[in-house]
Amino acid sequence: MVTLQLRQLHVPPGQRVLFDQVSWDEFENILVELGEHRASRLTYDNGILEIMTPLPEHEDNKEIIGDLIKVFLEELDIEFRSLGSTTFKSQMQNKGVEPDQCFYIANEAKIRGKKWIDLTVDPPPDLVIEIEITSPTNPSIYEALGVPELWQFDGDNLKINCLKNGQYVEVYESEILSNIPIKIIVKYLKDSKIIGRNKVVKAFRKQLQHSIKNQSR
């Protein structure tokens, strides 16, 4: 029998590979073997391991949405931590995931200064963003990990899910980022494809500053 090292596996951008009957210890060893400095993202759910490499379009969308969220939090002077595709895992739930983008907002102070996140003692991120261009998201993983809010963007539409009694319910406005309509995020995201990232971020910041100024009167 020929045995290959997992790091010899090449997953082209936009593609994914599934492995079945992967034990928790094997999943942990795979994380160590692949290391942190890689383009691929891993998802583990009850013995099924998915390795996916995102497309440039995928990464662009998650960066712009993330940038807009950062502007919103900065203008409202709300502390936050953006932890990108950090690996979140729970042996008890037999699940692990590396989101496209994630934020600690309400629980930012609880993980401030920490070099490692351990879900046995630390809270999960308050907000996760998943771009569903190459593969669909499995919301049940985030439900099991207790992530309060999950955003899913399929290239055209943005769906916001809030955790209610252990299950996600679709809502029309974020509960964590109050007063930020879905259509505004999607509008500026699509505008960035035409006029550029910097112009969009500046326009969004200016609109927020105007709204904050009017509300304070």
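Report, by residue number, each residue of segment 28-38 that is within 15 Å of Met52 (Cβ to Cβ) and either among the aromatic types (Phe, Trp, Tyr) or without any contact (Cβ under 8 Å) to a residue 24 or more places away in the chain (or both). Matches in segment 28-38: Arg38 only. In segment 51-70, the residue that is modelled with the highest pLDDT out of those that are β-branched (Val, Ile, Thr) and touching a Lys or Arg at 6+ places or on another chain (Cβ under 9 Å) is Ile64. Restricting segment 121-144 to residues that are buried (at least 20 other Cβ atoms within 10 Å of the Cβ) and aliphatic (A, V, I, L, M) leaves a set whose member that is farthest from Ala106 (Cα to Cα) is Ile131. The criterion of at least 2 residues that are among the acidic types (Asp, Glu) and over 29 Å from Ser23 (Cβ atoms) is met, among helices (runs of 4 or more DSSP H) falling completely within segment 49-156, by 56-75. Summed over segment 166-201, residues that are modelled with pLDDT of 95 or more, more than 17 Å from the chain's Cα centre (by Cα), not in a strand (DSSP E or B) and not charged (D, E, K, R) total 8.
Each row is one residue, and each column tells you yes or no for (1) modelled with pLDDT of 90 or more; (2) surrounded by 15 or more Cβ atoms within 10 Å (Cβ to Cβ).
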site	(1), (2)
Gln5	no, no
Ser23	yes, no
Gly35	no, no
Asp45	yes, yes
Leu49	yes, yes
Ile78	yes, no
Lys95	yes, yes
Cys102	yes, yes
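With respect to Asp60, determine if the residue is surrounded by 15 or more Cβ atoms within 10 Å (Cβ to Cβ) and either among the small types (Gly, Ala, Ser) or over 21 Å from Leu145 (Cα atoms) (or both).
Details: surrounded by 15 or more Cβ atoms within 10 Å (Cβ to Cβ): yes; either among the small types (Gly, Ala, Ser) or over 21 Å from Leu145 (Cα atoms) (or both): yes.
Criteria met by Asp60.
Within segment 74-89, can one find any residue that is acidic (Asp, Glu), without any contact (Cβ under 8 Å) to a residue 40 or more places away in the chain and in contact with a strand residue (DSSP E or B) (Cβ under 6 Å, 6 or more places away or on another chain)? No, that holds for no residue.
With respect to the conditions (1) buried (at least 17 other Cβ atoms within 10 Å of the Cβ); (2) free of Cβ contacts under 8 Å to residues at least 40 places away in the same chain, Ala109 lacks only one, and its number is (1).
The values are calculated or read from the model by the stated rules, or taken from the named source; none is laboratory data. These figures come from a predicted structure and were not determined experimentally. Cβ: placed from backbone, ideal geometry, glycine included. Neighbour counts: every protein chain shown.
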